[in-house]
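Working notes, beginning with the structure itself.
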Amino acid sequence: MSIRERLSGNEAAATAMKQINPDVVAAFPITPSTEIPQYFSTFVSNGAVDTEFVAVESEHSAMSACVGAEAAGARAMTATSSNGLSFMWEMIYIASSLRLPIVMSLVNRAVSGPLNIHNDHSDAMGVRDAGWIMLFSESNQEAYDNLLMAHRIAEHKDVLLPLMVCQDGFITSHSIETIDLVEDDKVKDFVGTYKPEHYLLNSKEPISIGPLDLQGYLFEHKAQQAQAMKNAKKVILEVAEEFEKLTGRKYGLFEEYKLEDADVAVVCMNSTAGTAKFVVDDLRSKGIKAGLLKVRVFRPFPAEEIAKALANVKAVAVLDKADSLNAAGGALFTDVTSGMYVNNIHVPTVSYIYGIGGRDTKADDIEKVYNDLLEIVETGKIDNPYRHLGLRTKGAEK
C-alpha cells in the first residue's frame, strides 16, 4: 500500500532523500532549492536518517564534498539551482570524468544576469554536455519517483555517471500536490546498498583519484564516458520497469500523449507538459488531431526513439525554456532536429523559445503553437523556424 501525502516538490525531493538515507549530503542554500537541504537537515537532527550532513560555504564546496565522499566510497547527494549550479561548474565536470554516481536535485531557475529567481531551464542547459544523466520531471510525483530511481541508474556497473533530477522552480518546487509515497522499507530494498568496486578507503586496493591525464589517455577516457552515457538508456528503462512493478507507475525515455494518430505535435519538458496536455484534450474535443511528446530523459538523448515517435506527424514544434543564443533555436530543438535528420525523418519543425525568467505560459499560448502548426500543414510553408512564444515585442513571435 502506498502512502498518500500532500507535499511540495521540494518536500517530495527531501522525502525521497530521507528514504534513500545517503551516507553524505553536502549543500549550500539557493532559491528555489533551499527547502530541500532545509527539510533534509531536520531529518538529520531528529534522527530519521544517519546521513553526514555537511553545511558548506558555497556550492562549489558542496559538489567538492560530494566528489570527495563518493570517491571515498560513500553514497552522496546534493541540491541546487541556477547560479549555484554555475558555481559548481568545475566540479560538475570532475564528478562525471571521475565516474562518480552522485545524485543531485536541480530545481531549475534562470541564471544571472540580469538577476532573476524564477523558472527557466538555462541552468540545466548550461551543463547539458558535462557528462551527467539528466531526468526532467513534470510533477511533484515525477520528481519524487525520478529520485528513487536515480541511484539505481547512476550506480549501475555499466553506467557509473552522476545524475541530476530536474524540476521547475516555484512551479512544482513550491506548489503542493497529492502524491503517492513508497513505504520506507520498500524504498530501501529497491535502492539497495551502495557497493562501489573501486574507492579510496579500500585498504586492499590503493588507488589515486583525479590524476593528470594527458594525450596518451584522455581521449580514451572521454570515449568511455560517452559509451557509459549510451549504456544508460538501457539501464534507465530496466530500472523503470522494476519501478513500475513496485508502484504501478510507468516511465519511459519520454511520454507520448495522444501522439499515435496526431497530425501536429509539440515537444517539451517539465511542468509545461501538464499545460500542453490540457490543450491537447481541448483540441481533440474540437476534432483537431493534436499530440504531445514530453521528454523525460534529456541526457542520454533518445534521438532515434524520438525520431521514430514523430515520424508520422505533419508538423512539429519544439519548446525550449532556455535560449542557446546561437541564432539557430534552443538546445532541445537542436537535438530533436538532429535526431530526426540522422534517422531520415523529415517533418517540418519549428523552434519556440518561451518562459524565460518565469514568463507565464498559459493554455492560450500553447494553443497558438498548435494553430501555427496547423497553418504550416495547410500552407506547406515555414516563414521563420526560430520563434518566440509570449514575447511582448510586436511581431517577434514569428
- Find the residue count for the stretch 281-327, including only residues that are in contact with a Phe, Trp or Tyr (Cβ under 7 Å, 6 or more places away or on another chain) and basic (Lys, Arg). 4
- Candidates Gly210, Gly248, filtered to the one that is surrounded by fewer than 16 Cβ atoms within 10 Å (Cβ to Cβ), among the small types (Gly, Ala, Ser) and over 22 Å from the mean Cα position of the chain (by Cα): Gly210
- Members of the stretch 20-75 that are surrounded by fewer than 18 Cβ atoms within 10 Å (Cβ to Cβ) and among the aliphatic types (A, V, I, L, M): Val44, Ala48, Ala55, Val56, Ala72
- Task: Have a look at Ser105, Ser58 and point out the one that is more than 16 Å from the chain's Cα centre (by Cα), at pLDDT 95 or above and of a type in the set (Gly, Ala, Ser).
- Result: Ser58
- Test: Leu310 is surrounded by 23 or more Cβ atoms within 10 Å (Cβ to Cβ) and in contact with a Leu (Cβ under 7 Å, 6 or more places away or on another chain): yes
- Can we say Tyr352 is under 23 Å from His118 (Cβ atoms), among the aromatic types (Phe, Trp, Tyr) and outside any loop (DSSP other than H, G, I, E, B)? yes
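From Lys233, Lys277, Lys308, grab the single residue that is outside the structural domain of Gln141 (by TED's automatic domain parsing), in contact (Cβ under 8 Å) with a residue 24 or more places away in the chain, out of contact with any Cys (no Cβ under 7 Å at 6 or more places or on another chain) and assigned to a helix (DSSP H, G or I).
Result: Lys308 is the single residue among Lys233, Lys277, Lys308 that is outside the structural domain of Gln141 (by TED's automatic domain parsing), in contact (Cβ under 8 Å) with a residue 24 or more places away in the chain, out of contact with any Cys (no Cβ under 7 Å at 6 or more places or on another chain) and assigned to a helix (DSSP H, G or I).
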- Those residues of the stretch 280-304 which are surrounded by fewer than 18 Cβ atoms within 10 Å (Cβ to Cβ) and either acidic (Asp, Glu) or assigned to a helix (DSSP H, G or I) (or both), in sequence order: Asp281, Asp282, Arg284, Ser285, Ala303, Glu304
- Can you confirm whether the stretch 224-239 contains a residue that is surrounded by 12 or more Cβ atoms within 10 Å (Cβ to Cβ) and acidic (Asp, Glu)? yes
- Note on the structure: Here the residues within the stretch 316-350 that are crowded, with 22+ Cβ neighbours inside 10 Å, more than 17 Å from the chain's Cα centre (by Cα) and under 14 Å from Val264 (Cα atoms) are Val316, Ala317, Thr349, Val350
- Before we move on, is Arg152 under 22 Å from Pro22 (Cβ atoms) and either touching a Cys at 6+ places or on another chain (Cβ under 7 Å) or in a helix (DSSP H, G or I) (or both)? yes
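The values are calculated or read from the model by the stated rules, or taken from the named source; none is laboratory data. Not measured: the values here are computed from a predicted model. Here Cβ is always computed from backbone atoms with ideal geometry, including for glycine, and neighbour counts include all displayed protein chains.
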